[in-house]
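These notes are about the structure you will find just below.
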Amino acid sequence: MKRTLGSLAVLGGAPAFDTPVVFGRPNIGSRKAFYDRLDTVLDSRWLSNGGVLCEEFERRVAQEAGTPYCIATCNATSALQLALRARGVTGEVIMPAFTFAATAHALSWIGLTPVLCDVDPDDGSLLLSEAEALIGPDTTAILGVHIWGRPSRLDELTTLARRHGLALIFDSAHAFGCGWNGRRIGGFGDAEVFSFHATKFINSFEGGALVTADGELARRARRMRNFGIAGHDDVVSVGTNAKLHEASAAMGLTSLDDMDHFVRSNRENYRRYRDELAGTPGLRLLEVDEREANNYQYVVLDVDAARTGLDRDDLLAVLAAENVFARRYFYPGCHRMDPYRTHRPFPGTDSIAARVMVLPTGECVTADDITAVCAIIRFAVERGHEVTRCLRRAA
Ligand code: T4K
């Protein structure tokens, strides 16, 4: 328990945790189920190229997402590119500046131009009026992002895209298992893309999936995933290698087996953080709208430095010294990254990117860990101005 400023590890005290408490530690699921699946794969000597586990994974992802078609891929970045290519997107694509670099990279890497749009500083969702103003003669698509699994103004974006005849793709990397108004994320727009990277709610080590209700788009994307080959050796389109191999599918299936348990434990962690931090001035845990279903993979803490006296980065440093590794998700916004730098102002993105952090959660984080982490956060924030002064003096 921290009772004096000097007891904070960042100011010379002993760290609260011997073993690091880390954001992004994957949930693993049943090792036995995983090893059994791997044995099946090895016995079959069919390791990739649309193996039985990959096909089973696709069926189960489609079922969870409530979509008729699923194409599993080696990661979400490739799945985004397949979706864009298969939908025939060209020229400019409007996307939020507040996202991981992969959203913009997916576009640039295949010769599309990301047109960055500012976001609502409260929840990180695309600013609709600005998005509409950015539509020009070369715009062919909008790429929405369900940041932290929070549905991205789905109804409004659907209307906007329809009104302007634009394709609508969703980067749903964070949003597997999430929903909006009784519908699963996965069934919106022309296509949606999930990530199954190790840090995601469901993981296949690395992996992704494109889901869609458009059979023709799905057929094209499936072909492009495998070098544009139709049948055995007939190359009928450009393509890439974006296949999900069987070991990854084995992990993805094992992770899916425990999906309900992962949501429950994530939700318990979220509620514990919320209760522990409730009433601390200047701190706000991002809430889930009652129209949403969420996987609770991201516990997002918003730090209002004007009220706490301690800004987000200093709070991160305080926690890191205690062996608690929270993360800035996402910083600094694509508009401040070298490949996408622009001189237009992005006040919403700048604001939220400076304020939020994601806290450690998942099955590796215990209830006692959360109680202890929150005690450190409360103490540091209650003495925020003094902590800041000490940190500046020490620098
Ligand atoms: N769109 C959005 C909105 C995304 O956030 C992402 C990816 C994509 C698209 C593209 O999806 P993929 O193509 O990756 O499927 C990670 C991931 O590599 C990336 O998938 C993810 N988003 C991005 C936000 O984060 P880093 O740079 O944060 O990873 P790293 O190594 O710093 O790890 C983060 C935390 O997780 C650390 O605290 C360590 C912990 N960790 C990580 C791994 C990999 C573990 O404990 N175990 C692990 O195995 O990139």
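Derivation of every value follows stated rules applied to the coordinates shown; laboratory data play no part. Keep in mind the model is a prediction, meaning the values are calculated, not measured. Virtual Cβ from ideal backbone geometry, glycine too; neighbours counted across all protein chains shown.
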task = With +1 on each Lys and Arg Cβ and -1 on each Asp and Glu Cβ, and nothing else charged, work out how big the dipole of the chain is about its Cα centre, in Debye to the nearest 20.
result = 480
Contour excess over end-to-end distance, with Cα ends at residue 331 and residue 307 and 0.36 nm allotted per residue = 6.5 nm
query = Using the Karplus equation 6.51 cos²θ - 1.76 cosθ + 1.60 (θ = phi - 60°), what ³J(HN,Hα) coupling, rounded to whole Hz, does each residue of segment 231-237 give in order, writing x for Gly and Pro?
reply = x, 8, 8, 9, 7, 10, 8
Distant-in-sequence amide H partners of residue 141 (H built 1.01 Å from N, under 5 Å) = 94, 167
Options 188, 125, 157, ranked by Cα towards positive dipole end of segment 121-201, top entry (Cβ charges) = 188
ask   = Could you state the number of Å between the C-alpha centres of segment 160-198 and segment 288-361?
value = 23
query = Relative to the longest principal axis of the chain, what angle (0 to 90°, nearest 10) does the C-alpha long axis of helix 259-277 take?
reply = 30
ask   = What FRET efficiency would be calculated for the residue pair residue 320, residue 110, taking the C-beta separation as r and a Förster radius of 51 Å, to the nearest 0.05?
value = 0.85
ask   = Which FRET efficiency value, to the nearest 0.05, is calculated for residue 156 and residue 261 with the Förster distance at 35 angstrom and r the Cβ-Cβ distance?
value = 0.55
task = Indicate the gyration tensor shape class of segment 142-271 (rounded, prolate or oblate), computed on the Cα atoms with a ≥ b ≥ c the square roots of the eigenvalues: a/c under 1.5 is rounded; otherwise a/b larger than b/c is prolate and the rest oblate.
result = oblate
Zone of residue 32's modelled label, taken as backbone nitrogen in segment 221-265 under 17 Å from a point 7 Å along Cα→Cβ = 254-255, 257-258
remark   = Under the Karplus relation with 6.51, -1.76 and 1.60 and θ = phi - 60°, whole-Hz ³J(HN,Hα) for segment 301-312, x at Gly and Pro, equal 9, 9, 10, 8, 4, 5, 9, 7, x, 10, 7, 4
key: Phi-based couplings in Hz for segment 104-118 (Karplus 6.51, -1.76, 1.60; Gly and Pro marked x)   = 6, 4, 4, 6, 4, 4, 10, x, 8, 9, x, 10, 7, 10, 6
request  = Treating cross-link reach as a plain straight distance, find the aspartates and glutamates whose alpha-carbon is under 20 Å from the alpha-carbon of residue 2, omitting any fewer than eight places away in the same chain.
outcome  = 18, 275, 276, 311, 313, 314, 322, 368, 369, 382, 386
message = Less than 28 Å apart at the alpha-carbon level, and either on another chain or at least 8 residues along: which lysines does that give for residue 200?
response = 32, 243
inquiry  = I need the Kirkwood Rh of the chain: take the reciprocal of the average 1/r across all distinct C-alpha pairs and report it in angstrom.
reply    = 22.0
request  = Hand me the GluC sites (Glu not before Pro) from segment 235-330 located in a DSSP loop with no more than 12 other Cβ atoms within 10 Å, in residue order please.
outcome  = 290
